[in-house]
Amino acid sequence: MDTAVRRITFAFVAALLFLPMDSVSAEDENLFPATAAPAREETLAYKFELKRENTNKGQQGETTKTILRLEHDPGGAVSLLRLDVPFVDKNKSFGGDLASQGLGDIKVRVGVRRIPFWSSVDLSGFVEAIFPTASPKDLGSGMYQVAPGVKFTVPVYPGPGTSSTHDVVTSAEVQQYLSLGGFDGFKNINYTKFDFQLKDVWRKKYWAILKLKPVIDWEQDGRTGGTAEVEIGWFINRRWSLYVSYTNSLPDGNHVPGTCDKRVTLDVAYRF
């Protein structure tokens with residue numbers, strides 16, 4: 001009981017840290033590259049995504065699935081309201097089976113807009129809640145989870161007040177996952193996930209992102225792992241965009257939560 005109380009207290013304090021603040025930036029804190037879309041897209045406050053992930057040897061929650069995502073930028077300090085509804089293949093191999101799927105764990109995320117932190121570094125935050133809605137239950141974690149995070153963003157090129165066909169930024173994010181209870185027979189969750197990115201948007205039309213995602217699992221006494229990923233995308237027009245990505249585990253890196261051996265992702269997004 002004491003452990004559960006500590007976890008709930010931590011989650012409550014973390015949530016308070018990310019309550020909406022005064023906004024000084026009009027940029028959407030969505031972690032996907034739509035943040036770098038042309039300014040005219042800011043009037044399109046909603047985005048729907050259809051994402052297909054084919055995953056090999058993924059940890060629980062990181063298997064082959066289809067994700068329906070709806071996002072909204074309500075304006076002001078809150079930059080992101082996100083709902084993820086996953087449909088997980090019961091065949092958990094890389095190829096999966098679209099004809100045999102079940103509902104996975106639904107996720108909700110609330111993000112706040114960037115604020116200046118130090119020099120050219122911006123700071124933003126978010127809180128994610130994960131619900132054990134999977135049916136059958138073994139398609140999910142079986143646990144209620146809270147996952148607060150913070151993100152630091154730094155422009156690399158061309159710099160303030162300079163124009164270029166390329167817009168390069170780097171970012172560092174840390175997110176803590178904690179379980180707050182759930183169904184019997186499922187393991188507690190307590191791990192920290194990092195996300196380091198280098199993103200280049202070319203002519204406001206195409207983008208490429210290199211990602212490094214180390215993970216520390218505190219339930220395994222601090223065992224580490226992680227993945228590396230490359231993503232390539234295209235803003236087709238004002239409303240449509242798509243990207244493909246390839247993820248591969250770091251050496252001996254797919255034995256902790258949030259990791260896999262390899263993954264291929266295809267994502268199509270529509271803004272309205």
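The values are calculated or read from the model by the stated rules, or taken from the named source; none is laboratory data. Model, not experiment: these values are computed from the prediction. Methodologically, a virtual Cβ is constructed for each residue, glycine included, from the backbone with ideal geometry; neighbour enumeration extends over all protein chains shown.
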Practice task
Could you tell me which numbered condition Asp167 fails, if it satisfies all but one of (1) closer than 27 Å to Asn91 by Cα; (2) of a type in the set (Asp, Glu); (3) in a strand (DSSP E or B)?
Solution key: (1)
Handout entry: Residue tally, condition surrounded by 15 or more Cβ atoms within 10 Å (Cβ to Cβ) and part of a strand (DSSP E or B), over segment 232-250
Key = 9
Exercise for the section: Output yes when any residue across segment 77-88 is over 20 Å from Pro257 (Cβ atoms), in contact with a strand residue (DSSP E or B) (Cβ under 6 Å, 6 or more places away or on another chain) and in a loop (DSSP other than H, G, I, E, B), and no when none is. Expected result: yes
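Results for (1) surrounded by fewer than 18 Cβ atoms within 10 Å (Cβ to Cβ); (2) in contact with a His (Cβ under 6 Å, 6 or more places away or on another chain); (3) closer than 27 Å to Gly75 by Cβ, shown as yes or no for each residue.
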| position | (1), (2), (3) |
| --- | --- |
| Arg113 | no, no, yes |
| Phe117 | yes, no, yes |
| Leu123 | yes, no, yes |
| Glu128 | no, no, yes |
| Thr133 | yes, no, no |
| Gln145 | no, no, no |
Exercise for the section: State which residue is modelled with the lowest pLDDT when the search covers only segment 202-258 and only residues that are among the polar types (S, T, N, Q) and within 24 Å of Ala172 (Cβ to Cβ). Expected result: Asn254
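What do you reckon, is Val108 in a strand (DSSP E or B), of a type in the set (Val, Ile, Thr) and crowded, with 16+ Cβ neighbours inside 10 Å?
Spelling it out, it is not the case that Val108 is in a strand (DSSP E or B), of a type in the set (Val, Ile, Thr) and crowded, with 16+ Cβ neighbours inside 10 Å.
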Exercise for the section: Could you please let me know if Leu68 is outside any loop (DSSP other than H, G, I, E, B) and under 20 Å from Tyr243 (Cβ atoms)? Expected result: yes
Completion exercise
Within segment 180-207, residues within 19 Å of Lys151 (Cβ to Cβ) and either touching a residue at least 60 places away in the same chain (Cβ under 8 Å) or within 17 Å of the chain's Cα centre (by Cα) (or both) come out as Tyr191, Thr192, Lys193, Phe194, Asp195, Phe196, Gln197, Leu198, Lys199, Val201, Trp207
Practice task
Would you mind finding the one in Gly226, Gly253 that is among the small types (Gly, Ala, Ser), surrounded by 15 or more Cβ atoms within 10 Å (Cβ to Cβ) and assigned to a strand (DSSP E or B)?
Solution key: Gly226
Problem - Search result, residues across segment 23-65 that are outside any loop (DSSP other than H, G, I, E, B) and modelled with pLDDT under 95 - result: Pro33, Ala34, Thr35, Ala36, Ala39, Arg40, Glu41, Glu42, Thr43
